[in-house]
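The values are calculated or read from the model by the stated rules, or taken from the named source; none is laboratory data. As the structure is a prediction and not an experimental result, all values here were calculated from the model. As a convention, Cβ positions derive from the backbone with ideal geometry for all residues, glycine included, and neighbour counts pool all protein chains shown. Side chains included, ligands, DNA and RNA excluded: accessible areas come from the protein's heavy atoms. Shrake-Rupley method; radii C 1.70, N 1.55, O 1.52, S 1.80 Å.
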Amino acid sequence: ILGAEAKTEHESIIGDMNWLVSTTHPTLATYVSIVAGFNSTPTESSLKLCKLLIRYAKGTIGRKLVKRHDDKSGYCVQGDSDHAGLWKITGDTRSRMGILIKYNGFPVAWKSAWIKARCVSSGEAESYALSECIRWALHLKYIGEELSIEMPDRPTVQSDASAALGFAGKTDGTGKMKHIDLREDWVRDLKSNDIIRTKVPGELNQADAFTKILPLSDFQDHEDEIMPRCK
């Protein structure tokens, strides 16, 4: 465990990185969220990870969030989850969810966070993540309408989660914990109103990158798609 001075340094770096994540660097979202989990009891190893984040951020000079004028794809919302993905690495049994929202190809909102429930199956994690994704989709839709931005009447939420979409189509109870049941009931209500309409192949679901630590080649592909390098 680090001393008070090093702990303050750790917290300060995570604070700076969180600001970058929320403004200009979606590619940092997953990694900052994971390392931030060590803020209360930081170690020498987690402080080294903080400094790696700084070096990575420095190396992103020249990368930008890019608006392509020929992209008219509209309002695109994608969500995903990873069930206890860090268990073999850190022993953490929590699941993580990821959300990516684009407007005409430009990233306008993203999220990588622990699911605030202990999910005992990947289906529960997927259902929880899908409900949170829908909540974000509707929230930004209302903001867009307030700003007189053209928004769809019924936003399409894309997911590769077969289990969650299966839950959305059920009409009977699932018999699990109440907080999961309530979220699934809400998702089913929205499904009946055509809020959820698309199952996207896993390799095309960009929200996957916000749920886990990616292999280097996959992370570089994610970088090039979300924050391409500009000359």
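Okay, here's what the table says:
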{"quantity": "Residues satisfying the stated conditions in segment 34-50, i.e. under 27 Å from L65 (Cα atoms) and in contact with a helix residue (DSSP H, G or I) (Cβ under 8 Å, 6 or more places away or on another chain)", "calculated": "V35, A36, L49, C50"}
{"quantity": "Sole exception among (1) surrounded by fewer than 19 Cβ atoms within 10 Å (Cβ to Cβ); (2) outside any loop (DSSP other than H, G, I, E, B); (3) aliphatic (A, V, I, L, M) for I34, by number", "calculated": "(1)"}
{"quantity": "Total residues in segment 37-51, condition among the small types (G, A, S), open to solvent by 10 Å² or more (accessible area, probe 1.4 Å) and assigned to a helix (DSSP H, G or I)", "calculated": "1"}
{"quantity": "Qualifying positions in segment 98-132 - charged (D, E, K, R) and either within 10 Å of the chain's Cα centre (by Cα) or surrounded by fewer than 22 Cβ atoms within 10 Å (Cβ to Cβ) (or both)", "calculated": "K102, K111, K116, R118, E132"}
{"quantity": "Residue list for segment 68-92, filter: open to solvent by less than 70 Å² (accessible area, probe 1.4 Å) and of a type in the set (V, I, T)", "calculated": "V77"}
{"quantity": "Test result for D80, in contact with a helix residue (DSSP H, G or I) (Cβ under 9 Å, 6 or more places away or on another chain) and outside any helix (DSSP H, G or I)", "calculated": "yes"}
{"quantity": "Residue check, K111 of a type in the set (D, E, K, R) and assigned to a loop (DSSP other than H, G, I, E, B)", "calculated": "no"}
{"quantity": "Residue count, segment 1-10 (criterion: open to solvent by 20 Å² or more (accessible area, probe 1.4 Å) and either touching a Cys at 6+ places or on another chain (Cβ under 9 Å) or under 22 Å from L214 (Cβ atoms) (or both))", "calculated": "1"}
{"quantity": "Residues of segment 133-150 that turn out to be open to solvent by less than 10 Å² (accessible area, probe 1.4 Å) and free of Cβ contacts under 8 Å to residues at least 60 places away in the same chain, as a count", "calculated": "0"}
{"quantity": "Checking I13 against (1) buried (at least 19 other Cβ atoms within 10 Å of the Cβ); (2) under 19 Å from E223 (Cα atoms), the condition it does not meet", "calculated": "(2)"}
